[in-house]
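One structure below.
The values are calculated or read from the model by the stated rules, or taken from the named source; none is laboratory data. Everything quoted here is computed from the prediction, not taken from an experiment. Methodologically, a virtual Cβ is constructed for each residue, glycine included, from the backbone with ideal geometry; neighbour enumeration extends over all protein chains shown. All accessible areas refer to the heavy atoms of the entire protein, side chains included, with ligands and DNA or RNA removed. Shrake-Rupley method; radii C 1.70, N 1.55, O 1.52, S 1.80 Å.
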Amino acid sequence: MSVLVYVENTEGQFKKSAFEVVSYAKAIADQLNTNLVALSIGQVANEQLSNLGGYGAQKVLNCNGIQSFDSQAYAAVIAEAATKESAEVVVMANSFSGKGLSPRVAVKLKAGLASGAVELPQINGGQLSVKKTAYSGKAFAMLALNTQVKVIALNPNAFQVKENSTAATIENFQASSATSRIKVKEVVRASDKISLPEAELVVSAGRGMKGPENWHLVEDLAQALGAATACSKPVSDAGWRPHEEHVGQTGIAVSPNLYIAVGISGAIQHLAGVSSSKTIVAINKDPEAPFFKVADYGIVGDAMEVLPKLTEAVKAYKAQS
Amino acid sequence: MKILVCISNVPDTTTKITFTNDNTEFNTAGVQFILNPYDEIALSRAIDLCEGGKGTVTVINVGDSSTEPTIRKALAIGADDAVRINAMPQDAYFVAYQIAEYAKTQQFDLILTGRESIDHNGAQVPAMIAELLDIPSVSIVKKLDFDGKTATLSREIEGGKEVVEVDAPFVASCAEGVAEWKIPNMRGIMSARTKPLQVIEAAATEQLSKINQYQTPAPRSAVKMIEADDVKGLVDLLHSEAKVI
Ligand SMILES: Cc1cc2nc3c(=O)[nH]c(=O)nc-3n(C[C@H](O)[C@H](O)[C@H](O)COP(=O)(O)OP(=O)(O)OC[C@H]3O[C@@H](n4cnc5c(N)ncnc54)[C@H](O)[C@@H]3O)c2cc1C
Ligand SMILES: Nc1ncnc2c1ncn2[C@@H]1O[C@H](COP(=O)(O)O)[C@@H](O)[C@H]1O
């Protein structure tokens, strides 16, 4: 018996979200009184792999045979590893890639799947009960998994990284069945940009910014904070910002530690994707804006005036701390 | 070319979500149901690809008869025909299984879905269908071109995008950007009434997961207002009280 955690790398590096899933999987392994085995797919240096031991992995399987991401091939590797390690629970991130992967792994293993998990499962005998998001962040569901093997996909920013120093052994793992049928032609990754679903701090702006020419004010604040930028739907519909920045019910759901909403009214569809943020700041010139009802801190004022001042204040704070 | 588009029937985006029966059931009282927005955009792309007699678009839904207005909407937008698998969805595996069983009886080049349903948000059905059919899947697709044999897709990845090439048949889950929304015109609405809608009984399969209870998020505490010229006060609170910077 074991818990298997699939750990995603970004160009050979593990990011914080990778350590989140390992920490989460370690906590489940402790609950079940069993071992934690990590699986990495792709080219990752040994010293990176042994870092996973720092979060509780006792063994790291290294499958470096497949280069580019193909959910079909990756799922075959993960399922084979799960079988080899007699895993009761398979854990991975509910990332963009994870969303294409966890359902395939679940089908292969005939396992119940909880995707979008936000807490540790409750264990009753052979059954796991997992709290997951539902109705676009407007609710949670307690999902029961009764199957012999269970798959859990953890939401980003839902579980705290926890160090747990363990000497991990690294083992090469070659899967027999994995062939990739998808050809990757091009990868465009803005290296200076923080990925929105994983971001701890987000500065988001809406139609109150009046036009794309004022976005430097938003970007300046984001840069001073080290935050990702986001926007409301009408802003991306109008082409002021790219679609991948659109958050809300029909966009990306985020749950950062801090979400600053500037010139966004707070429509129910927008709030659906952001209301699980730990701290919310609303900046709006209208004191009646619905966003103030869900915010922790509010400023009534003109964004064009408040933003530059706030950016300066953040810079001053960073300089003295 | 033959394209299958999977459509789900979901509560309208303005719905305030509440539950009944000791929080075990979604409260449908007064709730308007719509075609899942992402499925609508997948459908729009499918129709564009088939324009000018280049192919046909079939929509499929797993649901009871209450989903028929949504299916008719999809026909009004421009799908050629529709299939409803007559069953209440039990979980994503159940839905994917039904769709895969139907797809096996046909020869679809592409199976398109939305990136996720806005009620269950599992983003599970598309990749499950692909696994059941043993074909590739690409998720969160923002661009899709198809020459009848090979498709070029742009998909979202952490912090960027990836352009991939894959041969049909495959499953793609579609997100914003893949097409422009289409508004049904009068002719579409009229012809939707007479387009074929086939009802098929569900195939037996097991249920792998079950929702036992729902919870609504804890209410947030009252907002603390800060004067517009006291931005430093806000920064201090974010540091010392909220502890987020
Ligand atoms: C099916 C459907 C799905 C949707 N999905 C989403 C979604 O996923 N995400 C989303 O965001 N929306 C979504 N919407 C749209 C949503 O209903 C709102 O229309 C949208 O969120 C409003 O965007 P906004 O707040 O930027 O603009 P507005 O509603 O126009 O609000 C602008 C705000 O800026 C304030 N303002 C104006 N000038 C200034 C200034 N100088 N300084 C400070 N404040 C100022 C105003 O007081 C106002 O509150 C959806 C709608 C539908 C129908
Ligand atoms: N009951 C259903 N009938 C047909 N297609 C569905 C159904 N439920 C989900 N889908 C499709 O699967 C996609 C992802 O749904 P989900 O896995 O529930 O997030 C949706 O966008 C639809 O395209």
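Things worth noting here:
- Some residue of region B:119-140 being open to solvent by 10 Å² or more (accessible area, probe 1.4 Å), within 13 Å of ligand 2 (Cβ to nearest atom), closer than 17 Å to A:Leu113 by Cα and touching a Phe, Trp or Tyr at 6+ places or on another chain (Cβ under 6 Å): yes
- Members of region A:121-137 found to be in a loop (DSSP other than H, G, I, E, B) and open to solvent by 30 Å² or more (accessible area, probe 1.4 Å), listed by number: A:Gly125, A:Gly126
- Candidates B:Val199, B:Val138, B:Val178, B:Val125, filtered to the one that is closer than 24 Å to B:Leu35 by Cβ, more than 8 Å from chain A (Cβ to nearest Cβ) and within 16 Å of the chain's Cα centre (by Cα): B:Val178
- Residues satisfying the stated conditions in region A:132-161, i.e. under 15 Å from A:Ala25 (Cα atoms) and among the basic types (Lys, Arg): A:Lys150
- Considering residues of region B:1-41 that are touching a Cys at 6+ places or on another chain (Cβ under 7 Å) and farther than 20 Å from B:Pro89 by Cβ only, the residue surrounded by the fewest Cβ atoms within 10 Å (Cβ to Cβ): B:Met1
- Test: residue in region B:170-186 that is among the hydroxyl-bearing types (Ser, Thr, Tyr) and open to solvent by 40 Å² or more (accessible area, probe 1.4 Å): no
- Inclusion of B:Lys161 among residues that are under 24 Å from A:Ala238 (Cα atoms), of a type outside the set (Asp, Glu) and at the interface with chain A (Cβ under 7 Å from one of its Cβ atoms) is warranted.
- Residues satisfying the stated conditions in region B:106-122, i.e. more than 8 Å from chain A (Cβ to nearest Cβ), in a loop (DSSP other than H, G, I, E, B) and away from ligand 1 (no atom under 16 Å from the Cβ): B:Gln106, B:Gln107, B:Phe108, B:Asp109
- Odd one out for A:Gly56 among (1) open to solvent by 10 Å² or more (accessible area, probe 1.4 Å); (2) in contact with an Asp or Glu (Cβ under 9 Å, 6 or more places away or on another chain): (1)
- The residues of region A:10-19 that are open to solvent by 10 Å² or more (accessible area, probe 1.4 Å) and within 21 Å of A:Gln160 (Cβ to Cβ), listed by number, are A:Thr10, A:Gln13, A:Phe14, A:Lys15, A:Lys16, A:Ser17, A:Phe19.
- Strands (runs of 3 or more DSSP E) enclosed by region A:140-219 - at least 1 residues per element that are more than 11 Å from chain B (Cβ to nearest Cβ): A:150-154, A:169-172, A:201-205
- Some residue of region A:80-93 being at the interface with chain B (Cβ under 10 Å from one of its Cβ atoms), open to solvent by less than 40 Å² (accessible area, probe 1.4 Å) and in contact with a strand residue (DSSP E or B) (Cβ under 9 Å, 6 or more places away or on another chain): yes
- Test: residue in region A:184-196 that is acidic (Asp, Glu), without any contact (Cβ under 8 Å) to a residue 40 or more places away in the chain and under 27 Å from B:Asp134 (Cα atoms): yes
- Yes/no for B:Ala103 being in a helix (DSSP H, G or I), of a type in the set (A, V, I, L, M), under 14 Å from the mean Cα position of the chain (by Cα) and away from ligand 1 (no atom under 16 Å from the Cβ): no
- Residue match in region B:31-52 (condition: out of contact with any strand residue (DSSP E or B) (no Cβ under 7 Å at 6 or more places or on another chain), away from ligand 2 (no atom under 12 Å from the Cβ), within 20 Å of B:Arg115 (Cα to Cα) and touching a residue at least 12 places away in the same chain (Cβ under 8 Å)): yes
- From the list B:Ser44, B:Ser65, the one residue that fits, being away from chain A (no Cβ under 11 Å) and open to solvent by 20 Å² or more (accessible area, probe 1.4 Å), is B:Ser65.
- Only listed residue being more than 16 Å from ligand 1 (Cβ to nearest atom), within 14 Å of chain A (Cβ to nearest Cβ), open to solvent by less than 20 Å² (accessible area, probe 1.4 Å) and on the phi < 0 side of the Ramachandran plot, chosen from B:Ala87, B:Ala82, B:Ala96: B:Ala96
- Subset of region A:265-321 (residues that are more than 18 Å from B:Met225 (Cβ to Cβ), open to solvent by 10 Å² or more (accessible area, probe 1.4 Å) and not aliphatic (A, V, I, L, M)): A:Gln269, A:His270, A:Ser275, A:Ser276, A:Lys278, A:Pro308, A:Glu312, A:Lys315, A:Tyr317, A:Lys318, A:Gln320, A:Ser321
- Within region A:287-321, being facing chain B (nearest Cβ under 7 Å), aromatic (Phe, Trp, Tyr) and in contact (Cβ under 8 Å) with a residue 24 or more places away in the chain holds for one residue alone: A:Phe292.
- Here is the figure for region A:22-47: residues that are under 20 Å from the mean Cα position of the chain (by Cα) and either open to solvent by 10 Å² or more (accessible area, probe 1.4 Å) or outside the structural domain of A:Ile78 (by TED's automatic domain parsing) (or both) total 2.
- Just one of (1) within 16 Å of ligand 2 (Cβ to nearest atom); (2) away from chain B (no Cβ under 11 Å) fails for A:Thr229. It is (1).
- Residue-level check: of (1) touching a residue at least 40 places away in the same chain (Cβ under 8 Å); (2) under 22 Å from B:Glu206 (Cα atoms), A:Gly126 misses just (1).
- Highlighted here are the helices (runs of 4 or more DSSP H) found entirely within region A:233-321 that include at least 2 residues which are closer than 16 Å to A:Arg207 by Cβ, within 7 Å of ligand 1 (Cβ to nearest atom) and out of contact with any Asp or Glu (no Cβ under 6 Å at 6 or more places or on another chain): A:233-237, A:268-272, A:303-320.
- The residue that is farthest from the other protein chains (Cβ to nearest Cβ), among those in region B:211-236 that are under 30 Å from A:Gln320 (Cα atoms) and open to solvent by less than 40 Å² (accessible area, probe 1.4 Å), is B:Gly233.
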